[in-house]
Structures are given as structure tokens and as C-alpha cells.
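Chemist: One structure coming up, written as C-alpha cells, with questions to follow.
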Amino acid sequence: MATMFSPSTFFSTTTTNTPNTTITSPKPPQTPPPSKSHLPIPPSKPLLTTLTATLTATAATAAILIATPPSLADSTAATTYQVYYGTAASAANYGGYGGNSNKKDSAEYVYEVPDGWKERLVSKVEKGTNGTDSEFYNPKKKSEKEYLTFLSGFRQLAPKDLVLNNLALSDVNLQDLLASADNVTSEEKKDEKGQVYYVYEIDGVAAHSLISVTCAQNKLYAHFVNAPTTEWNRDHDMLKHVHESFKTIGSF
């Protein structure tokens, strides 16, 4: 005898065998990847190159400002000078007073003096013994100075070595400088008018000296520029300028 199936039973079984996808819980939503427009853009190479060059230049400039010492030439460039007019007056006619206001008309020689240097008054005794006519010095270091001596009765210069030795006879400081000198040089120069000058440079252990000697108006004139080694190294250009500024008035 045939078995009868209930339709409800058939459909119930079919419903039970429904695929899992109909009963599986949905997956949680996933965050989509950021679009390309949100990604960080690295700086371009030209910008990095510019920044690197700028920083390098700035560092180099700072290093120069820190490492470069003050230049001696800067202080020398600011030096100004006054012209001194010397009369080479004899001891009998010498008043013993400083000043330069009334000397220009009767001057026999000139040289330049750095601003700030002081004039030392020369006594009649000193003028009569060693012929010192004028002297100026640096008040910060009195041994840094320039001065001029003269002797009458000389029509022309003797040989260079003889002239220097004769000058030392009446100048104790020059004697000492020559005795301790590491090097002594001498040369003959002529100005634009043909006047002869002997130029000496004495490099001593503790001091330096520049001397210029010439004859004019039946007189021998000797201009000295002296400085200790420290001041010579510091003021070399200024002292050379002062040395080269000396001239007798006929060649000025």
C-alpha cells in the first residue's frame, strides 16, 4: 500500500534545507582606502636643493663672521694726519715752546704726524748737543715716536755706512738698536727733483726703526720713526706712511 506524504511535511523539510547564505549575519562594513588625493605629497627636489643651498650659505656666512679676526688694515685706514712744519732753528734762536702755527713760512722741512700723537718739547740743551729739532710720540706707548735731528755744515751726504755711524755717535738709543739689530738695510733714493735720500731700516730684537737722511741748505736732516716690535707689527702701515712723508721744504 502506498505511503502518503503530507504536503506540509514536504515543504517544512525544504525550508529547513535553505542555503546558509540566507541565515548568515552580514559582515561589518570596511573603511575604504583613502583616495590618492589624501596621500602626503613629498617636496619636489628643486625645493630641497634650494633649502639646502640656503642653509649652507647661511652657515658659511656665520662661520666667516665668527672666525675672521679684526683686520689691522681697518684701523690703519681710519688714521688721519697733520702736517708738521719744522724750522731747524739753532739753539740760540730756539724758544723752547711747542706749536706749529707760525712755522709754515720759515719751515725747512715737513713730515706728517698721526692725529692723537703728542709733541714733546725739546730743550735748548738737547738741541745744542744732539741737534734734535722736533719730536712726537704716541701717548699710549711713548717709545712709539718720530723725531728729527739736524746738523749744520753739510753740503752733501757721505757714504751710507759712515752717515749711519755718525748719527749713532750722538744718539744713545740708535747705538743700542744697532748693537742688537738682527738686520740693517740701506738704500739711496731720489725724489722728483733729484734730491738724494738715504733710507735705513733697522730690525732689532725688541724694536724697529726707519730713518731717512738728506742734505739741503747746507744742513744734514735725519728723520727717525721708532717703535717697539709689538707696535711695529700692529702699526706697520701707519709708521711707513709717517716715514715716507718726510721731505725738506725745497722738495715739498
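The values are calculated or read from the model by the stated rules, or taken from the named source; none is laboratory data. Values in this document were obtained by computation on a predicted structure and should not be read as measured data. Reconstructed Cβ throughout: ideal geometry from the backbone, glycine too, with neighbour counts over all protein chains shown. We work out accessible area using only protein heavy atoms, side chains counted, and drop any ligands, DNA or RNA first. Shrake-Rupley method; radii C 1.70, N 1.55, O 1.52, S 1.80 Å.
Chemist: For residue 202, only one of the following conditions fails: (1) farther than 26 Å from residue 129 by Cβ; (2) open to solvent by less than 60 Å² (accessible area, probe 1.4 Å); (3) among the β-branched types (Val, Ile, Thr). What is its number?
Modeler: (1)
Chemist: While we're here: Any residue that is of a type in the set (S, T, N, Q), surrounded by fewer than 16 Cβ atoms within 10 Å (Cβ to Cβ) and part of a strand (DSSP E or B) - is there at least one of those in the stretch 142-160?
Modeler: Within the stretch 142-160, one or more residues are of a type in the set (S, T, N, Q), surrounded by fewer than 16 Cβ atoms within 10 Å (Cβ to Cβ) and part of a strand (DSSP E or B).
Chemist: Cβ-Cβ below 9 Å, separation at least six or inter-chain, first residue in the stretch 144-158 and without any contact (Cβ under 8 Å) to a residue 24 or more places away in the chain, second surrounded by fewer than 22 Cβ atoms within 10 Å (Cβ to Cβ) and not in a strand (DSSP E or B): which pairs?
Modeler: 158/166
Chemist: Can you find even one residue in the stretch 233-243 that is over 32 Å from the mean Cα position of the chain (by Cα), at negative phi and of a type outside the set (Phe, Trp, Tyr)?
Modeler: No, every residue in the stretch 233-243 fails to be over 32 Å from the mean Cα position of the chain (by Cα), at negative phi and of a type outside the set (Phe, Trp, Tyr).
Chemist: Please determine, by comparing only the residues of the stretch 126-141 that are touching a residue at least 12 places away in the same chain (Cβ under 8 Å), assigned to a helix (DSSP H, G or I) and more than 12 Å from residue 88 (Cα to Cα), which one is farthest from the chain's Cα centre (by Cα).
Modeler: Checking each candidate, the answer is 129.
Chemist: Which residues, taken from the stretch 147-161, are aliphatic (A, V, I, L, M) and within 31 Å of the chain's Cα centre (by Cα)? Write out each step before concluding.
Modeler: Here is the first cut: in the stretch 147-161, the ones aliphatic (A, V, I, L, M) are 148, 151, 157-158.
Passing the criteria: only 148.
Chemist: Does the stretch 100-111 contain at least one residue that is surrounded by 10 or more Cβ atoms within 10 Å (Cβ to Cβ), at pLDDT below 90 and of a type in the set (Phe, Trp, Tyr)?
Modeler: no
Chemist: Which residues, taken from the stretch 205-252, are open to solvent by 30 Å² or more (accessible area, probe 1.4 Å), under 20 Å from residue 104 (Cα atoms) and part of a helix (DSSP H, G or I)?
Modeler: Result: 244, 249, 250.
Chemist: With the condition kept exactly as written, say whether any residue in the stretch 162-184 is within 29 Å of the chain's Cα centre (by Cα), in a strand (DSSP E or B) and surrounded by 14 or more Cβ atoms within 10 Å (Cβ to Cβ).
Modeler: Yes, some residue in the stretch 162-184 is within 29 Å of the chain's Cα centre (by Cα), in a strand (DSSP E or B) and surrounded by 14 or more Cβ atoms within 10 Å (Cβ to Cβ).
Chemist: For the structure I just gave you, tell me whether residue 194 is more than 27 Å from the chain's Cα centre (by Cα) and either surrounded by fewer than 13 Cβ atoms within 10 Å (Cβ to Cβ) or closer than 22 Å to residue 85 by Cα (or both).
Modeler: yes
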